[in-house]
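Asker: Pasting in a structure now, in structure tokens, and then I'll have a few things to ask.
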Amino acid sequence: MATRQVAIDIGETAVRVAEVELKGGSDPRDGASLTAFAERAVPAGVIRNGEIEEPGAFAEVVKQTVAAAKVSAKSASVNIGHPTVVLREVDVPAQPMDQIRKSLAFHVRDSLPMAVDDALLDFYPTAEFAGEQGQMLRGMLVAAPRELVRGVISSLQGSGVHLSRVDHTAFALWRGVCKGELTQSTVAIVNVGAAITTVVVSQRGAPRLVRVLGQGGNDVSKAVRSAYKGSTVDAEQLKFQFGMNPSAPAEQRQTVDAVSHAMSPLIESIRNTLVYFASSNPGGAVERLVLTGGSAYLQGFGQALSSATRLPVMIGDPLAGVGIGKKVDLTPARGREAALATVVGLAMGAA
């Protein structure tokens, strides 16, 4: 039986709403269709460093975006990807999921950087195996500060949206991109957003490692504006048009140098994340990088990342294999489909 699910992707510079119809089956993503979509810009200052600073203005943007999308479902899921949310791989005794969730606090209270009473805990199972004490489940622990989640829920109250589920951005990215042949190997999804970058390592179709890095496209824009201090320039246009392209015209050397200087620490952090995973998983190193997010389209970024990691890099396409409804207008998103990875994957999650 087909079901429709709505998702709201909260970004620092944009809110995106998508409705996806899922057909069911062993992998409900098979045969999925995008039945509604819209995006709206978030005014500067409404969200800063992942925190919603102006709830009223934020709720109004969400309300306008939902109305523009013309969704049919009555409730929606929303993503959280703040760096303070802890995601790590843990092993717990195999039990029904409701019992696992009840016992999570006991298993992880000594390994969290926050008091367990101040966290909302969840567990995403990825594998079952025989341990010394019996059957075990391996999976991703999610520990989110209660106040962070409450803040997001509270900020949505004025938008007219009924919230059905809160999910981490990493899982949404994984669902939206890791399909087909990408489920047969070890890949790293690298989503460069405006304020943060999320790295998800997937091994044979299961998420194994998540890192949230506090750098993103905004840092590049600031670097370009700083390079042209005293001049009025469109930093967003310049960074995408010339980026890190070593073949850019000589008169744009200032732009290329600024972008390269801003992106170098991020590239190094991504490389270090992959090195850490390889050292923790002998014989299971990442084989390919998949770029998503708006900054995936920065000129020269993919080549620079490939050179630093010595891995092939591709642009992720969350719409691959997804049907597009007749009423869906994707014109504004054409040529930057990778930026839709989070919202599409979020809508593909379980209700």
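The values are calculated or read from the model by the stated rules, or taken from the named source; none is laboratory data. Everything numeric in this text was worked out from a predicted model, so none of it was measured. Backbone-built Cβ (ideal geometry, glycine too); neighbour counts: all protein chains shown. Side chains included, ligands, DNA and RNA excluded: accessible areas come from the protein's heavy atoms. Shrake-Rupley method; radii C 1.70, N 1.55, O 1.52, S 1.80 Å.
Asker: Could you please find all residues in segment 286-327 being assigned to a helix (DSSP H, G or I), open to solvent by 10 Å² or more (accessible area, probe 1.4 Å) and either more than 28 Å from GLU236 (Cβ to Cβ) or not small (Gly, Ala, Ser) (or both)?
Answerer: The first filter runs over segment 286-327 and keeps only residues assigned to a helix (DSSP H, G or I), leaving 294-297, 301-309.
Next, only the ones that are open to solvent by 10 Å² or more (accessible area, probe 1.4 Å) stay: 294, 297, 302-304, 306-309.
Result: TYR297, GLN303, THR309.
Asker: With respect to ALA36, is the statement that it is among the small types (Gly, Ala, Ser) and without any contact (Cβ under 8 Å) to a residue 40 or more places away in the chain true?
Answerer: Values: among the small types (Gly, Ala, Ser): yes; without any contact (Cβ under 8 Å) to a residue 40 or more places away in the chain: no.
Criteria not met by ALA36.
Asker: Follow-up question, since we're still on this one. Any idea how many residues of segment 145-185 are of a type outside the set (Phe, Trp, Tyr) and in a helix (DSSP H, G or I)?
Answerer: Start the filter on segment 145-185 by keeping residues that are of a type outside the set (Phe, Trp, Tyr), which leaves 145-170, 172-173, 175-185.
Adding the requirement that they be in a helix (DSSP H, G or I) leaves 146-159, 169-170, 172-173, 175-177, 180-184.
Final tally of qualifying residues: 26.
Asker: I would also like to ask the following. Give segment 200-236 a look and list any residue that's among the polar types (S, T, N, Q) and open to solvent by 20 Å² or more (accessible area, probe 1.4 Å), or say none. Spell out how you get there, then give the answer.
Answerer: Narrowing segment 200-236 to residues among the polar types (S, T, N, Q): 202-203, 215, 218, 221, 226, 231-232.
Once the filter is applied, which keeps residues that are among the polar types (S, T, N, Q) and open to solvent by 20 Å² or more (accessible area, probe 1.4 Å), segment 200-236 yields GLN203, GLN215, ASN218, SER226, SER231, THR232.
Asker: Moving on. Scan segment 6-35 for residues that are touching a Ser or Thr at 6+ places or on another chain (Cβ under 9 Å) and assigned to a loop (DSSP other than H, G, I, E, B) and jot them down.
Answerer: GLY11, LYS23, GLY24, PRO28
Asker: Return yes when SER72 is farther than 16 Å from VAL343 by Cα, among the polar types (S, T, N, Q) and touching a Lys or Arg at 6+ places or on another chain (Cβ under 9 Å) and no when it is not. Steps first, answer last, please.
Answerer: On the way: farther than 16 Å from VAL343 by Cα: yes; among the polar types (S, T, N, Q): yes; touching a Lys or Arg at 6+ places or on another chain (Cβ under 9 Å): yes.
Spelling it out, SER72 is indeed farther than 16 Å from VAL343 by Cα, among the polar types (S, T, N, Q) and touching a Lys or Arg at 6+ places or on another chain (Cβ under 9 Å).
Asker: Take PHE58 and tell me if it is within 30 Å of GLY131 (Cα to Cα), among the aromatic types (Phe, Trp, Tyr) and either open to solvent by 40 Å² or more (accessible area, probe 1.4 Å) or not in a strand (DSSP E or B) (or both). Before you say what the answer is, go through the steps one by one.
Answerer: Values: within 30 Å of GLY131 (Cα to Cα): no; among the aromatic types (Phe, Trp, Tyr): yes; either open to solvent by 40 Å² or more (accessible area, probe 1.4 Å) or not in a strand (DSSP E or B) (or both): yes.
No: the conditions fail for PHE58.
Asker: Taking only pairs six or more apart or across chains, which ones have beta-carbon atoms under 9 Å, a first residue in segment 216-229 that is in contact (Cβ under 8 Å) with a residue 12 or more places away in the chain and assigned to a helix (DSSP H, G or I), and a second residue that is open to solvent by 60 Å² or more (accessible area, probe 1.4 Å) and of a type in the set (Val, Ile, Thr)?
Answerer: GLY217/THR13; ASN218/THR13
Asker: Counting just the residues of segment 328-346 that are within 16 Å of ALA32 (Cβ to Cβ) and part of a helix (DSSP H, G or I), which one comes out most open to solvent (accessible area, probe 1.4 Å)? Let's see the steps before the verdict.
Answerer: Start the filter on segment 328-346 by keeping residues that are within 16 Å of ALA32 (Cβ to Cβ), which leaves 328, 330, 337, 340-346.
Right, trim to part of a helix (DSSP H, G or I) and you get 337, 340-346.
Numbers: GLU337: 42, LEU340: 1, ALA341: 0, THR342: 8, VAL343: 0, VAL344: 3, GLY345: 0, LEU346: 0 Å².
Only one residue tops the list, namely GLU337.
Asker: Another question, if that's okay. Which of the residues spanning segment 91-144 are outside any loop (DSSP other than H, G, I, E, B), more than 22 Å from the chain's Cα centre (by Cα), of a type in the set (Gly, Ala, Ser) and under 25 Å from ARG204 (Cα atoms)?
Answerer: ALA127, ALA130, GLY131, GLY134
Asker: What is the residue count in segment 36-46 for residues that are open to solvent by less than 60 Å² (accessible area, probe 1.4 Å), part of a strand (DSSP E or B) and touching a Ser or Thr at 6+ places or on another chain (Cβ under 8 Å)? Quick ask: steps written out before the conclusion?
Answerer: Within segment 36-46, the first condition is being open to solvent by less than 60 Å² (accessible area, probe 1.4 Å), and the residues that meet it are 36-39, 42, 45-46.
Now narrow it down to the ones that are part of a strand (DSSP E or B): 36-39.
Cutting the leftovers down to touching a Ser or Thr at 6+ places or on another chain (Cβ under 8 Å) gives us 36, 38-39.
Qualifying residue count, segment 36-46: 3.
Asker: Turning to a different aspect of this structure: If I go through segment 164-199 residue by residue, how many of them are more than 12 Å from the chain's Cα centre (by Cα) and either acidic (Asp, Glu) or open to solvent by 10 Å² or more (accessible area, probe 1.4 Å) (or both)?
Answerer: 10
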